[in-house]
Amino acid sequence: MIHWLINVGYMISAFACMEGVAWLTHRYIMHGLCWSLHRDHHAKDHDGVLEQNDFFFLVFALPGIACLLTGANGGPEFFLWTGIGITLYGSCYFLVHDLFIHQRFKFWRNSDNRYLRALRRAHKMHHKHTGKTGGECFGMLVFPRKFFNEGTGKL
């Protein structure tokens, strides 16, 4: 039982750490060195379903794949559970960012959930800045508390 709990701990830790990795990468790589690939995600004039920005999906998937393969092929077991955590974060990113926030496929349009409304507001503020600099809310699941209270009249 304790062995299983430790492995689940690796998975949850990897998932949680990915929010930090996503924030740092988004802030300093996507809005920095690789802005040319991320720019179309902030532009309203791109055509088609895919964006150049989608290249980052592959970049984020590689560590998860490497951990899964290492752990599944005789490497230390924590690699497998870390890979599962990274992959779960990637799946969550797709569901939340691409489907819920950006509506790539039009089916999860509205929610009365307070957290999801605040998440959408925070991401909208991120996209308010269309340039490389001056942005805010670079993470996906964690954002400033003020977005929970905006539009509610509460402090």
Can you confirm whether the stretch 48-57 contains a residue that is touching a helix residue (DSSP H, G or I) at 6+ places or on another chain (Cβ under 8 Å), without any contact (Cβ under 8 Å) to a residue 12 or more places away in the chain and either surrounded by 17 or more Cβ atoms within 10 Å (Cβ to Cβ) or of a type outside the set (Asp, Glu) (or both)? yes
Report task. Please verify whether the stretch 131-152 includes one or more residues that are within 20 Å of residue 61 (Cα to Cα) and aromatic (Phe, Trp, Tyr). Result -> yes
Within the stretch 51-110, the count of residues that are under 30 Å from residue 3 (Cα atoms) and among the β-branched types (Val, Ile, Thr) comes to 6
The lone condition residue 52 fails out of (1) under 18 Å from residue 99 (Cα atoms); (2) at pLDDT 90 or above is (2)
Discussion item. Criterion first (under 23 Å from residue 141 (Cβ atoms) and modelled with pLDDT of 95 or more) does residue 65 satisfy it?
Written reply: yes
Residue 62 meets each of (1) farther than 17 Å from residue 17 by Cα; (2) exposed (fewer than 12 other Cβ atoms within 10 Å of the Cβ) with one exception, condition (1)
So, first residue surrounded by 14 or more Cβ atoms within 10 Å (Cβ to Cβ) in the stretch 12-28, second residue in a helix (DSSP H, G or I) and at pLDDT below 95, Cβ within less than 7 Å, six or more apart or across chains; the pairs are none
Heads up, the helices (runs of 4 or more DSSP H) in the stretch 71-155 (entirely inside) with at least 1 residues that are touching a Gly at 6+ places or on another chain (Cβ under 8 Å), surrounded by 14 or more Cβ atoms within 10 Å (Cβ to Cβ) and basic (Lys, Arg) are 114-128
**Asked** Taking the stated definitions as given, is residue 32 in contact with a His (Cβ under 8 Å, 6 or more places away or on another chain), in contact (Cβ under 8 Å) with a residue 24 or more places away in the chain, more than 30 Å from residue 5 (Cα to Cα) and not hydroxyl-bearing (Ser, Thr, Tyr)?
**Response** no
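The values are calculated or read from the model by the stated rules, or taken from the named source; none is laboratory data. Small disclaimer: the values here were computed from a predicted structure and weren't measured. Cβ coordinates were reconstructed from backbone atoms using ideal geometry, including for glycine residues, and neighbour counts include every protein chain displayed.
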